[in-house]
Amino acid sequence: MSANLPEEISARLKKDPAGLVAAIVQDHESKDVLMLGWMDEEALNRTLTTGRATYYSRSRQEYWRKGDTSGHTQWVKSVALDCDGDALLVQVEQIGAACHTGTRTCFDGRDLGAVVGQAPIETQTP
């Protein structure tokens, strides 16, 4: 299948040397970050035109649609491109686990213990 991504979108993408853009996946209701995937123009086009999230596997070098083997589907609610054009935010309705390990999110319980910062009081918004 060839990429038929509209030129106005294609021109805004800043792809890595492999032709990929990071896709941050977020639950559209809870706003939880669920996973990170990779999309090329074809995967993005499929995502934009089918309502199902499609990614490109860097390890298998093939397309995969979330849920086709696991049943844990992602129904697209919106897709946005960041200001630099090098990352996508894909908001989805997640059915089942988002992570291949079977957890709801790939970022479940893996906190690295960073020091928590706080803005000075005069710069905080009310």
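The values are calculated or read from the model by the stated rules, or taken from the named source; none is laboratory data. Only a predicted model underlies this, so the values are computations on that prediction, with no experimental measurement involved. When we count neighbours, we look across all protein chains shown, and the Cβ atoms used for this are built from the backbone with ideal geometry, even at glycine.
So, of the residues in segment 93-113 that are among the polar types (S, T, N, Q) and not in a strand (DSSP E or B), which turns out to be nearest to the chain's Cα centre (by Cα)? Steps first, answer last, please.
First, pick out the residues of segment 93-113 that are among the polar types (S, T, N, Q): 94, 101, 103, 105.
Checking the rest, the ones that are also not in a strand (DSSP E or B) come to 101, 103, 105.
Numbers: THR101: 17, THR103: 16, THR105: 12 Å.
In this case the residue turns out to be THR105.
Checking TYR55 against (1) touching a helix residue (DSSP H, G or I) at 6+ places or on another chain (Cβ under 6 Å); (2) of a type outside the set (Asp, Glu); (3) exposed (fewer than 10 other Cβ atoms within 10 Å of the Cβ): exactly one of these is not met. Which one?
(3)
I want to confirm something. Restricting to segment 58-92 and keeping residues that are part of a loop (DSSP other than H, G, I, E, B) and under 14 Å from MET35 (Cα atoms), which single residue is modelled with the lowest pLDDT? Give the steps one after another, and end with the answer.
Initially, segment 58-92 is screened for residues part of a loop (DSSP other than H, G, I, E, B), giving 58-61, 66-73, 82-86.
Keeping just the survivors that are under 14 Å from MET35 (Cα atoms) gives 66-67, 72-73.
Numbers: LYS66: 89, GLY67: 85, HIS72: 92, THR73: 95.
If we take residues in segment 58-92 being part of a loop (DSSP other than H, G, I, E, B) and under 14 Å from MET35 (Cα atoms), then GLY67 is modelled with the lowest pLDDT.
Please work out which one of (1) under 20 Å from LYS77 (Cβ atoms); (2) among the basic types (Lys, Arg); (3) surrounded by 13 or more Cβ atoms within 10 Å (Cβ to Cβ) is the condition LYS15 fails and give its number.
Condition not satisfied by LYS15: (1).
Looking at ALA23, ALA53, ALA11, ALA18, which is the one that is of a type in the set (A, V, I, L, M, F, W, C) and without any contact (Cβ under 8 Å) to a residue 24 or more places away in the chain?
On the way: ALA23 fails: without any contact (Cβ under 8 Å) to a residue 24 or more places away in the chain; ALA53 fails: without any contact (Cβ under 8 Å) to a residue 24 or more places away in the chain; ALA18 fails: without any contact (Cβ under 8 Å) to a residue 24 or more places away in the chain.
Of ALA23, ALA53, ALA11, ALA18, the one residue that is of a type in the set (A, V, I, L, M, F, W, C) and without any contact (Cβ under 8 Å) to a residue 24 or more places away in the chain is ALA11.
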